[in-house]
Amino acid sequence: MPNYFITTLGCQMNKNDSERIETMLRGMGMDLAETEESADVIVINTCSVRQTAEDRVYGFGRNFVELKKKNPGLIVCVTGCMPGRDKDSRLRSKLVGVDLYFPTKDMVYLPQWLSELNPDLRPMADLEKDYLSLKPTYQKKFQAFVTIQTGCNHFCTYCVVPFSRGLEVNRSLQTILTEVRDLAVGGCLEITLLGQIVNHYQAPDPEHFSLGNSYQKNDFAKLLWEINAILGIQRIHWTAPHPLYMNDELIDALTILPKQVNYLHLPVQSGNNEVLNRMNRRHTREFYLDIITKIKARKPNIAIGTDIIVGFSGETDEQFADTMSLFAACDFDISYHAKYSPRSGTVADKVFPDTVTMERKKERWWKLQVLMEETVLRKNQSYVGKTISVLIDDAKNGWCMGNSPEMKRVQCMGGEELVGTIQSVVIERAEEWILWGQRK
Ligand code: 5AD
Ligand code: SF4
């Protein structure tokens with residue numbers, strides 16, 4: 001039986017897209033290969049957010065040429081954000097050994113193209129044109145990603161997403177709720193809703209909201225209330241929201257809903273207003289701090305995470321110092337730091353020169369990293385002695401691990417049989433990235 005191997009780079013949405021690709025490859029009668037070397041079809045789902053992610057794909061290219069010498073029938077497919085933004089095939093011309101190169105939204109044609117290249121592979125009948133209607137091959141029974149929206153209309157000046165994934169498209173409320181209900185019936189406990197600006201979700205079919213939910217105006221908050229009511233689902237998580245749309249209704253949902261995880265990932269990108277303005281973020285430092293203050297006033301123990309870009313065009317030491325002070329004011333539990341990487345096609349690449357040297361970017365990156373590790377270590381100590389609920393997602397050598405509602409990684413003794421269950425764990429010791437404890 002022919003088999004496939006999928007490599008996914010980038011964000012959780014790419015992971016969810018790969019789960020849809022997997023559904024088609026299985027539907028064509030293929031099996032998962034143990035290694036890339038033994039596969040007949042290789043799929044690379046690419047990320048374009050930074051140059052380093054694209055460079056990895058060029059690196060893979062050289063390997064494909066070698067693999068094809070050993071297996072001349074090998075078909076290599078490259079999809080995701082790289083083909084999505086590569087309107088003039090400039091990136092493709094630098095890639096070697098690739099047979100199929102298509103943006104995410106065209107994945108539904110993959111079975112047809114594969115069967116044309118290899119007649120032993122049978123095509124799949126009756127695929128809808130909308131790739132989101134494909135059912136993902138969920139990697140775990142108890143946890144699932146649910147993409148509710150793709151693309152983005154916001155055009156932050158540094159960001160390639162509106163080019164690679166197109167403008168915002170919202171999935172119908174009915175199909176989202178059906179997917180979540182089916183997942184719940186199948187034993188799913190935790191749902192992660194995905195969107196580029198997830199809290200800008202606008203239902204194309206609002207008539208499917210429950211009657212009791214009709215007094216609210218924010219569709220995303222309403223969606224959270226709907227999912228909260230689905231029997232079986234225990235945890236609701238979402239990523240990534242934009243500060244502009246964190247209105248009071250959504251803050252209510254975040255802080256009131258019993259199934260909502262006790263974590264919010266809210267990208268800020270910079271703590272300086274001039275930089276935020278050049279980034280076209282459309283919010284200020286004060287606006288962001290206000291939201292965090294409001295949320296913490298209602299739920300003081302909520303964990304908050306963010307994304308920060310260091311060394312954006314023209315960022316001075318003083319402007320970076322504002323990012324450091326914003327970090328301290330927010331007391332983030334986790335923060336993903338990126339060195340600014342100019343992306344061709346974006347406004348920033350056209351009008352703001354990449355003036356900050358790599359040395360400076362690295363320096364700033366490390367400063368933030370050190371501040372984060374100190375902050376997290378200090379904050380994690382407050383969990384010692386407390387009992388927290390942990391959704392166990394993995395087990396190895398007598399230890400099992402999982403996330404707390406604050407998305408802290410917890411490790412305790414236990415075996416495979418606990419995977420997919422929620423356990424109460426008393427925390428005994430806290431490190432930066434792991435809370436160690438014992439099951440109650
Ligand atoms: N350079 C560096 N980081 C970037 N990000 C997005 N675009 C760029 C870029 N051009 C970061 C942002 C975003 C995260 C997904 O990636 O912080 O929130
Ligand atoms: Fe990119 Fe900004 Fe849209 Fe996020 S909100 S995907 S950073 S353009």
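For the reader, a short list of remarks on this structure follows.
- Efficiency of FRET from Cβ geometry, residue 351 and residue 128, R₀ 60 Å, rounded to 0.05: 0.90
- Around residue 311: net Lys/Arg minus Asp/Glu count, Cβ-Cβ under 13 Å: +3
- 28 Å Cα-Cα threshold exceeded, pairs from 87/140; 105/367; 294/379; 68/129; 396/440; 294/386: 87/140; 105/367; 68/129
- Across the stretch 283-423, the convex hull enclosing all Cα atoms gives 161 Å³ per residue.
- Rounded if a/c under 1.5, otherwise prolate or oblate - the chain, Cα gyration tensor axes: rounded
- Selection from 395, 414, 436, by position along the positive dipole direction of the stretch 384-439 (Cβ): 436
- Charging the Cβ of each Asp and Glu at -1 and of each Lys and Arg at +1, and nothing else, the dipole of the stretch 384-439 about its Cα centre rounds to 160 debye.
- A crude spin-label estimate for the pair residue 363 and residue 205, with each label 7 Å from Cα along the Cβ direction, gives 5.6 nm.
- Label zone at residue 248 (point 7 Å along Cα-to-Cβ), backbone N below 14 Å, the stretch 191-223: 216-218
- Spin-label pair residue 12/residue 294, simplified geometry with 7 Å Cα→Cβ offset, distance in nm: 2.2 nm
- For the chain, cysteines whose Cβ has no other cysteine Cβ within reach (under 4.7 Å): 11, 47, 77, 81, 152, 188, 330, 400, 412
- Here the simple spin-label model places points 7 Å from the Cα toward Cβ, and for residue 256 and residue 66 these points are separated by 5.8 nm.
- Computed Rg/Rh of the stretch 3-131, alpha carbon atoms with Kirkwood Rh: 0.93
- Average accessible surface area per residue within the chain, 1.4 Å rolling probe, Å²: 44 Å²
- Solvent-accessible area, 1.4 Å probe, carbon plus sulfur percent, for the stretch 223-334: 54 percent
- Within the accessible area of the stretch 367-421 (1.4 Å probe), percent carbon and sulfur: 55 percent
- Basic side chains Lys and Arg get +1 at the Cβ, acidic Asp and Glu get -1 at the Cβ, and with that the dipole of the stretch 53-199 about its Cα centre reaches some 380 debye.
- Cα gyration tensor shape of the stretch 33-108, rounded if a/c is under 1.5, else prolate or oblate by comparing a/b with b/c: prolate
- Value of Rg to Rh for the stretch 92-197, rounded to two decimals, is 1.02; Kirkwood radius and Rg both from alpha-carbon coordinates.
- Net charge of Cβ neighbours under 13 Å - reference residue 72; Lys, Arg +1; Asp, Glu -1: 0
- Cα-based shape type of the stretch 230-303, given that a ≥ b ≥ c are square roots of the gyration tensor eigenvalues and the cut on a/c is 1.5: prolate
- Of all DSSP beta bridges in the chain, antiparallel share, percent nearest 5: 35 percent
- Positive contributions from Lys and Arg (+1) and negative ones from Asp and Glu (-1), summed over other residues with Cβ under 15 Å from the Cβ of residue 219, come out at -4.
- Over the chain, dividing the summed -39,500 (n - 2.57) contributions of all DSSP H runs of at least 4 residues by the number of residues returns a 222 nm mean residue ellipticity of -10500 deg cm²/dmol.
- Largest first, the extents of the alpha carbon coordinates of the stretch 138-261 on the three principal axes equal 41, 36, 26 Å.
The values are calculated or read from the model by the stated rules, or taken from the named source; none is laboratory data. Worth saying up front: this structure is predicted, and the values here are computed from it rather than measured. Note that each Cβ is placed from the backbone with ideal geometry, even for glycine, and that neighbours are counted across all protein chains shown. SASA here: full protein model, heavy atoms, side chains in, ligands and nucleic acids out. Shrake-Rupley method; radii C 1.70, N 1.55, O 1.52, S 1.80 Å.
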